[in-house]
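Undergrad: Sharing a structure below in structure tokens format, with a few things to ask.
The values are calculated or read from the model by the stated rules, or taken from the named source; none is laboratory data. Not measured: the values here are computed from a predicted model. As a convention, Cβ positions derive from the backbone with ideal geometry for all residues, glycine included, and neighbour counts pool all protein chains shown. Note: areas computed on protein heavy atoms with side chains; ligands, DNA, RNA excluded. Shrake-Rupley method; radii C 1.70, N 1.55, O 1.52, S 1.80 Å.
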Amino acid sequence: MKRKLLYISILLLAILTLGSCNKRCRCIKYNQSADYFTPEELSSQGKTCSEMRFMSGLATQRYSVCEWVYNE
């Protein structure tokens, strides 16, 4: 019985490990449409997810909210 439980635990761990978890920054516009950015795109722009709300060099907001989402 312990061996069966061990095999099931290993199988579940393998499934969870192999399942992809995509972290993306979701920015929602004021018209409720959304733009998504990968961590690589954010780092190339030199911004964090929360900083994407504002246009570059301006204090004007482009998005109503920017947040991290997983597997969406």
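Undergrad: Debye sum, Cα scatterers, the chain, no solvent: what log₁₀ I/I(0) at q = 0.14, 0.24, 0.26 1/Å?
TA: Once normalised to I(0) and log-transformed, intensities are -0.55, -1.03, -1.13.
Undergrad: Using only the alpha-carbon atoms, how far is helix 2-18 inclined from the longest principal axis of the chain? Give it as 0 to 90 degrees, nearest 10.
TA: Roughly 20 degrees between the two axes.
Undergrad: While we're here: For region 19-72, which whole percent of the accessible surface, found with a 1.4 angstrom probe, sits on carbon and sulfur atoms?
TA: 50
Undergrad: Compare the peptides 30-40, 60-70 by average per-residue count of other Cβ atoms within 10 angstrom and give them in order, highest first.
TA: 60-70, 30-40
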